[in-house]
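One structure below.
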Amino acid sequence: MDYIFVIVTAASEQEGEKIGSAIVNEGLAACCNIIPNIKSIFKWKGEISTEKEVMLFIKSKTSLFNKLKDRIKELHSYEVPEIIAFPISQGLPDYFKWMDEVIKA
């Protein structure tokens, strides 16, 4: 299968909406879900940080990952944004058919 599930954290719901709207409008993703109000604990530049963020769940295609990654980096406020992709091995065939219709291949 050529489909991927990509997770991205963003600093705010507004930033998440900016990223999600752009990648869907540009045909780089079929869908972007924004999960508000998550708490992230991470080490950055030698310091432990705790931040409120939003989580983006993005559905796309493996063949578009590099373009998707580059576009997210352009739109993102973080110096090193979290952009992690997982292959989708199974799913509803009708959902994949819809993805094929809305994503630029």
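The numbers here are math on the coordinates, done by the rules we state, and not lab data. Everything numeric here is computed off the predicted structure, so don't read it as measured data. Every residue, glycine among them, receives a Cβ derived from its backbone with ideal geometry; neighbour counts consider all protein chains shown.
Determine ³J(HN,Hα), in whole Hz, for all residues of the stretch 62-79 in sequence, where each value follows from phi through the Karplus function 6.51 cos²θ - 1.76 cosθ + 1.60 and θ = phi - 60°; x replaces Gly and Pro.
Taking θ as phi minus 60°, the curve returns 3, 5, 9, 4, 4, 5, 4, 4, 5, 5, 4, 4, 5, 8, 8, 7, 7, 4 Hz for the stretch 62-79.
If you take every residue apart from Cys32 with its C-beta less than 11 Å away from the C-beta of Cys32, what net charge results, scoring Lys and Arg +1 and Asp and Glu -1?
With Lys, Arg at +1 and Asp, Glu at -1, the neighbours total +1.
Pairs of lysine in the chain with Cα under 18 Å and at least 8 positions apart or on different chains: total?
Lysine pairs satisfying the spacing and distance rule in the chain number 18.
Taking amide H positions as placed 1.01 Å from N in the peptide plane, with prolines and chain starts having none, which residues 5 or more places from Ile4, or on another chain, fall under 5 Å of its amide H?
Residues meeting the amide H criterion: Ser60, Lys61, Thr62, Ile88.
Karplus couplings for the stretch 89-94 from phi (6.51 cos²θ - 1.76 cosθ + 1.60, θ = phi - 60°), rounded to Hz, Gly and Pro as x?
Karplus values, whole Hz, x for Gly and Pro: 8, 8, x, 5, x, 5.
Counting only helical runs of four or more DSSP H residues, what would the 222 nm mean residue ellipticity of the chain come to if each run contributes -39,500 (n - 2.57) and the total is spread over all its residues?
It comes out at -10000 deg cm²/dmol, rounded to the nearest 500.
Residue by residue through the stretch 8-19, what is 3J(HN,Hα) from phi via Karplus (6.51 cos²θ - 1.76 cosθ + 1.60, θ = phi - 60°)? Round to whole Hz and write x for glycine and proline.
With coefficients 6.51, -1.76 and 1.60, one gets 9, 9, 9, 6, 7, 4, 4, 5, x, 5, 4, 5 Hz.
Loop sites only, by DSSP: take the trypsin sites (Lys or Arg not before Pro) in the chain that have at most 11 other C-beta atoms within 10 Å and name the longest stretch containing none of them.
That would be 46-103.
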